[in-house]
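K.L.:
Sending over a structure as structure tokens; questions will come in a sec.
The values are calculated or read from the model by the stated rules, or taken from the named source; none is laboratory data. Please read these numbers as outputs of a predicted model, since none were measured by experiment. Methodologically, a virtual Cβ is constructed for each residue, glycine included, from the backbone with ideal geometry; neighbour enumeration extends over all protein chains shown. For the accessible areas, the whole protein counts, side chains as well, though only heavy atoms, and no ligand, DNA or RNA atoms are used. Shrake-Rupley method; radii C 1.70, N 1.55, O 1.52, S 1.80 Å.
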Amino acid sequence: MKLRNALWLFGVPAHENDTHVGGWLRHREIKEPNDFPSTGSSMTPAEACLFLEIPNVVMVCCDGMPSPFSQYADKYLYSFLPMERVWWSSIGSGGYRDGREEDYILAKRKEYPNLCGCYMDDPLCLFDKYPEESRYTMAKGFVSDLRKKLDASGEHIDIVVTWYPYISRGDDSDIYEEVDGIALYTWNSLDLEKLDNVMEEAKKKFPNKKIYLGAYLFDYDRSTPLTAEQMEFQCERGKKWLLDGTISGMIFVTNAVMAPGMQNDIRLRNWIKKNGDLEIPQ
């Protein structure tokens, strides 16, 4: 398998991060006459996949958009028909849940055979208002019920979950006992220096799970794009771990910070062009 076939886009509706992107662009120093004016990002997930030459996409619902069984959601799935693999969020950004997400995935699989996975953007967020001990019990129950519902279809559908090491605790691995994969993200780009240690922790905590490296283009915690050095570091670490079989894929976040003047989308595109045809283990 080629390296590019293990790459994913963390897709969200266009303009979802305009506050972050536009805010940074307004305050940057214009040095070149060709620099673009302040703007957000109109890039859709399908357009971003085409731009980056990434064949797989995770569609993450944000504040209820796109809602399951809506024309808006169907149009996204239609735009993903050229993609190799598509995951749809069961829990969206910030813990949002409509309640019909799995029904939608199961209902659309025949029409869209590349729809092959269910993504949870952190099940703990769904139970934020409850005490910590209750949250863990409820999250474990939610994941178990989700697994049963998907398995009842007669086909195996992957469940992949966001995992942030900074909000993890020692005994939380049992929450994810019935998922297929863990997507490991570094929320604050300054913590990328700890990435090697975090990966070792993840391998010990989830020895039988597929591990995906989540890679941000923009540091939402610090309201700034990652530096060129940070982008190179996480991409090269991802390449190393794909080549030695440590991880099963990389998930890049996200189309909504791919905007004129940001540069990291160009850096990522060039990196994929350079490394995309490398052979990696199946």
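K.L.:
State which entries of Lys140/Lys210; Lys140/Lys204; Lys129/Lys209; Lys210/Lys240; Lys75/Lys110; Lys108/Lys273 exceed 21 angstrom in Cα-Cα distance in the structure shown.
P.N.:
Lys129/Lys209; Lys108/Lys273
K.L.:
Restricting to bridges with both residues inside the chain, how much of the DSSP beta-bridge set is antiparallel, in percent to the nearest 5? It would help to have the intermediate numbers written out before the result.
P.N.:
Details: 4 of 39 bridges.
Here the antiparallel bridges make up roughly 10 percent for the chain.
K.L.:
Given H placed on each backbone N at 1.01 Å, which residues far from Gly117 in sequence or on other chains put an amide H within less than 5 Å of it?
P.N.:
For Gly117, the qualifying residues are Val86, Trp88.
K.L.:
Taking Cα extents along the principal axes in Å as the quantity of interest, determine which of [x] 57, 38, 34; [y] 93, 54, 45; [z] 58, 44, 42 was computed from the displayed structure.
P.N.:
[z]
K.L.:
Using each residue's phi in segment 90-100, evaluate 6.51 cos²θ - 1.76 cosθ + 1.60 at θ = phi - 60° and report the 3J(HN,Hα) Karplus result to the nearest Hz, with x for Gly and Pro.
P.N.:
8, 10, x, 4, x, x, 5, 8, 7, x, 10
K.L.:
Still on this structure, please answer the following. Expressed in nm to one decimal, what extension gain is obtained for the pair Lys273 and Asp158 from 0.36 nm per residue of sequence separation less their Cα-Cα distance?
P.N.:
Value of the extension gain: 38.6 nm.
K.L.:
Still on this model: Kindly provide the helix-only [θ] at 222 nm of the chain, computed as the sum of -39,500 (n - 2.57) over DSSP H runs of four or more divided by all residues, to the nearest 500 deg cm²/dmol?
P.N.:
For the chain, the value works out to -10500 deg cm²/dmol.
K.L.:
Write down the radius of gyration of segment 44-157 and its Dmax, each obtained from C-alpha positions, in Å.
P.N.:
Answer for segment 44-157, Rg first and Dmax second: 14.6, 44 Å.
K.L.:
May I ask you to give the solvent-accessible area per residue for the chain, in square angstrom, as obtained with a 1.4 angstrom probe?
P.N.:
46 Å²
K.L.:
Which of the aspartates and glutamates could a cross-linker span from Lys2 if the Cα-Cα distance has to be under 19 Å and same-chain partners fewer than 8 positions apart are dropped?
P.N.:
Cα-Cα hits under 19 Å: Glu53, Glu84, Glu236, Asp244, Asp277, Glu279.
K.L.:
Could I ask something else about it? Less than 12 Å from a label point 7 Å out along the Cα-to-Cβ axis of Gln263: which backbone N atoms in segment 211-229 qualify, by residue?
P.N.:
Counting backbone N atoms under 12 Å from the label point, the list is 225-229.
K.L.:
For the chain, with only Lys/Arg (+1) and Asp/Glu (-1) charged at the beta-carbon, what is the dipole magnitude about the Cα centre, in debye rounded to 20?
P.N.:
Dipole about the Cα centre, nearest 20: 440 debye.
K.L.:
Put a dot 7 Å past each Cα toward the Cβ at Thr137 and Asp63; how far apart are the dots in nm?
P.N.:
Roughly 3.5 nm, to one decimal.
K.L.:
Can you list the HN-Hα couplings for segment 210-221, worked out from phi with the Karplus curve (6.51, -1.76, 1.60; θ = phi - 60°), rounded to whole Hz and with x for Gly and Pro?
P.N.:
Computed from phi, the couplings for segment 210-221 are 5, 10, 10, 8, x, 10, 7, 9, 9, 8, 5, 5 Hz.
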